[in-house]
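The values are calculated or read from the model by the stated rules, or taken from the named source; none is laboratory data. Owing to the predicted nature of the structure, the values given are computational and were not obtained by experimental measurement. Cβ atoms come from the backbone with ideal geometry, glycine included; neighbour counts cover every protein chain shown. Surface accessibility is based on the protein's heavy atoms, side chains included, excluding ligands, DNA and RNA. Shrake-Rupley method; radii C 1.70, N 1.55, O 1.52, S 1.80 Å.
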Amino acid sequence: MNFNIIRCARTILHVTDLEASRKFYIDALGFIETESDAEHLYLRGLEEHGHHSLLLKKADKPAVEALSYKVSSEADLEMLSEFFTNKGYKNRWMEEGVQHAIGRALRIQDLSGLPIEFFAKIEIVERLIQRYDLYKGAHIQRIDHFNCMVQDVEAAYQFYIQELGFACSEYTAAADEKIWAAWLHRKQSVHDVAFMNGEGPRLHHTGFWLSEPMAIIHACDVLASMGYGGSIERGPGRHGLSNAFFLYLRDPDGHRIELYNGDYLTSDPDFKPVRWDINDPRRQTFWGHAAPDCWFNEASAVLDIVTGEKIATGMPKLEQRKPETII
């Protein structure tokens, strides 16, 4: 593994109504609109200096076009292209200029069928972390992670660690030590991506980092006052896994996002992954309340990187599919 994947960097979601999305993401949650046109809405958090970390594209049906990682250099893109080509994975170059504000990018369909993108260059914009006059809603700071439902968590776990250089912070296992879910990272926090046993491939949610837990409480008040109370799916609460404070929301198209704060540093080379038993109730929500059934059954469809068609899903490899946590 000679390439340097830095962190998760952006999500590209297809939405059916840009104005409904604008009201939800900007007016209610407080994302910063970098720019927009009739077909695109480019959003970022207050501390982000990249052009956007969430791209909403107008389409006939909701879907996930790509989950993007930033890499260190153009050379990393070339090495990743050679690696995935030699492994026989479907891949596609998006040359510079094809995507607004993004340089040359490589898209691949990964081991699980997820549409993954790598890029090194993004247009730099003003960081607004000290523009407190612009803080509203949830005070979104930055993108933090993806959570993906896949058919074979162990296969994804092994591939991302052994082949792509990710590390594991926490995982859930049963008595036979089969891995039910895993939290993997490149940056020095709990995760850039999580994989969990479920019908897949699908995107369960994208997590966004907030400055403090009270930003989540304030977001709940704002959402309720604007008529979005029904968009709150789970929380607020604290996870056992990761220790993070959380709130889960569904946007107007049903895409799930997490407002997230309070996990921990994982940079030490002697850090040991935390194991959680699948039947330990504390891992789902540290305070004890369970997730709703829709939590385990609903997620966003992902698209083929070449055809743009919806990827067919399959049932998970492991039989036990309904523990009480996803983070």
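Here are some notes:
- Every residue from the range 29-68 that is of a type in the set (D, E, K, R) and under 12 Å from residue 127 (Cα atoms): 44, 47, 48
- Test: residue in the range 57-73 that is in a strand (DSSP E or B), open to solvent by 20 Å² or more (accessible area, probe 1.4 Å) and closer than 30 Å to residue 217 by Cα: yes
- Within the range 146-171, residues that are in contact (Cβ under 8 Å) with a residue 40 or more places away in the chain and over 20 Å from residue 264 (Cα atoms) have Cβ atoms under 7 Å from residues that are among the aliphatic types (A, V, I, L, M) and assigned to a helix (DSSP H, G or I) in these pairs: 150/156, counting only partners at least 6 apart in sequence or on another chain.
- Test for residue 53: is it within 30 Å of residue 312 (Cβ to Cβ) and touching a Gly at 6+ places or on another chain (Cβ under 7 Å): yes
- Picking from residues in the range 116-144 that are assigned to a strand (DSSP E or B) and within 26 Å of residue 307 (Cα to Cα), the one that is most open to solvent (accessible area, probe 1.4 Å) is 122.
- Filtering 88, 30, 113 for residues that are open to solvent by 50 Å² or more (accessible area, probe 1.4 Å), of a type outside the set (A, V, I, L, M, F, W, C) and at positive phi leaves a single hit, 88.
- One residue from 149, 94 being farther than 19 Å from residue 314 by Cα and either open to solvent by less than 20 Å² (accessible area, probe 1.4 Å) or not basic (Lys, Arg) (or both): 94
- Single match in 239, 204 (criterion: buried (at least 21 other Cβ atoms within 10 Å of the Cβ) and at pLDDT 95 or above): 204
- The combined condition, being in contact with a Leu (Cβ under 7 Å, 6 or more places away or on another chain) and surrounded by fewer than 23 Cβ atoms within 10 Å (Cβ to Cβ), is fulfilled by residue 229.
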